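Structure, as structure tokens:
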Ligand code: IPM
Ligand code: MG
């Protein structure tokens, strides 16, 4: 029997509610496909700050490093916004990404047929959307030095550094190429090279690497235009390759094409070692504890974990199919309520998904 060690970081806000459902899905699938999955839950984010005064305690990071895969829900709460930056839940997340060397963040944006009417964009605009954002995750302005504030002067200053070296750009480009080769062999690299030197290096390096592949089409787009094109004609994109900050912004934008940010999963990967699988959405403290959150992005992240992290392809596909079945029967959480569906709670949607497996 195959045995897997998974670390679950349910984090803050709606995290525990949506994690509960993924635990039950994994239990069901392990019975169905006869694998053993040991799920160790660890403190991470705001809750870890409360318990250990550190949003990413060493013990949690060590357990993650020793696992086969990490399933993460979400972190953060307004109540931590005034903490020193290094103690904030978001800093814990960045620490985890850096500690596991998760330089490649994969965010698939797929339209579910039964949700065609849930998007704020017109059905004709979104119906053929199937794209993947490949976001560099441990470089760029998120990590660049120097950074800080100078506040002991009359006029205060804040600064960050957007920096990439060619090695960092090459390795993320290679990930995008690998993904594109299994799809339509089209990559659009997004930058701001009309203004930023770092983006010029990005564009030159991506082009150089992509040029070595003869069956690949590379296009380049400025990030402002990419934001516009994603709303105007999102189906023109297949693989979008971009840097940390631009990927953060564009992936939220792209998420809304699907109807709700509660639908988008992601995988953060290194070249070897465990990946972290997490929804793109945040911890939604405003609805935490109300049992109304949408657990689908977390369930789809669980599917990505099974597929990419554990190579349990059939089990992974089962989750996707179950979700499509539940949606096509008209069941929704309230974020997807179009006035014409059966609105269920987070746990009820979870039960429906499990019934379909
Ligand atoms: C994301 C999130 C994080 C990011 C935050 C929570 C630090 O927005 O994963 O997109 O900016 O990377
Ligand atoms: Mg984000």
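Which of 33, 331, 164 moves the most in a Gaussian network model of the chain with Cα springs under 10 Å?
33
With 10 angstrom as the radius, rank 197, 50, 168, 90 by how many other C-beta atoms surround their C-beta, starting from the fewest.
197, 50, 90, 168
Name the residue, out of 125, 195, 343, whose mean-square fluctuation peaks in a Gaussian network model built on the chain with Cα pairs under 10 Å.
195
For the chain, what is one quarter of the convex hull surface built on the Cα atoms, given in nm²?
Its average projected convex-hull area is 18.8 nm².
Once you've got the GNM for the chain with C-alpha springs shorter than 10 Å, pick whichever of 251, 67, 272 has the biggest mean-square fluctuation.
Its mean-square fluctuation being the largest, the pick is 272.
For the range 120-258, just the Cα set please: Rg and Dmax, both in angstrom.
16.5, 57
Under the 0.36 nm per residue contour assumption, what length would be gained going from the current alpha-carbon distance of residue 165 and residue 342 to full extension?
Roughly 58.7 nm would be gained on extension.
To make sure I understand, if each residue's beta carbon is the centre and we count other beta carbons within 10 Å, what order do 283, 30, 235 fall in, fewest to most?
Listing 283, 30, 235 from fewest to most nearby Cβ atoms yields 235, 30, 283.
Could you work out the per residue convex hull volume over the alpha carbons of the range 199-357, in cubic angstrom?
Taking the convex hull of the Cα positions in the range 199-357, it is 159 Å³ per residue.
Does anything in the range 50-64 have its amide N under 20 Å from the 7 Å Cα→Cβ label point of residue 308, and if so which residues?
Answer for the range 50-64: 64.
Using only alpha carbons, build the gyration tensor for the range 1-138 and give me the equivalent ellipsoid semi-axes, biggest first, whole Å.
28, 23, 15
I'd like the distance between the alpha-carbon centres of the range 293-357 and the range 54-111, rounded to an integer number of Å.
What the calculation gives is 24 Å, centre to centre.
Work out how much length residue 120 to residue 38 would gain on full extension: take 0.36 nm times their residue separation and subtract the Cα-Cα distance, in nm to one decimal.
The span from residue 120 to residue 38 would gain 25.5 nm if fully extended.
Classify the range 272-356 from the C-alpha gyration tensor, please: rounded if a/c falls under 1.5, else prolate or oblate depending on whether a/b exceeds b/c.
Oblate is the answer for the range 272-356, as a/c is 1.5 or above yet b/c matches or exceeds a/b.
Quick one: P(r) of the range 192-288 from all Cα-Cα pairs, 5 Å bins, percents rounded to integers, in order of increasing distance.
2, 10, 17, 20, 19, 17, 10, 3, 1, 0
With each label point set 7 Å from Cα along the Cα-Cβ vector, what nm distance links residue 195 and residue 224?
0.6
How high is the relative contact order of the range 120-258, given as a whole-number percent (alpha carbon pairs under 8 Å, six or more residues apart)?
38
Please pull out the direction-averaged projected area of the range 12-75, using the convex hull of its alpha-carbon atoms, in nm² to one decimal place.
4.4
As a footprinting exposure proxy, order 281, 52 by other Cβ within 10 Å, with the fewest listed first.
Going from sparsest to densest Cβ surroundings: 52, 281.
Give the calculated FRET efficiency between residue 186 and residue 151 to the nearest 0.05, with a Förster radius of 51 Å applied to their Cβ-Cβ distance.
0.65
Counting only helical runs of four or more DSSP H residues, what would the 222 nm mean residue ellipticity of the chain come to if each run contributes -39,500 (n - 2.57) and the total is spread over all its residues?
So the calculated ellipticity at 222 nm is -12000 deg cm²/dmol.
On a full-extension model of 0.36 nm per residue, what is the gain between residue 127 and residue 3, subtracting their alpha-carbon distance, rounded to one decimal in nm?
Full extension of this stretch gives 40.7 nm more.
A short reminder: the numbers here are calculations on the coordinates, not readings from a lab. Because the structure is a prediction, the values reported are computed rather than measured. Methodologically, a virtual Cβ is constructed for each residue, glycine included, from the backbone with ideal geometry; neighbour enumeration extends over all protein chains shown.
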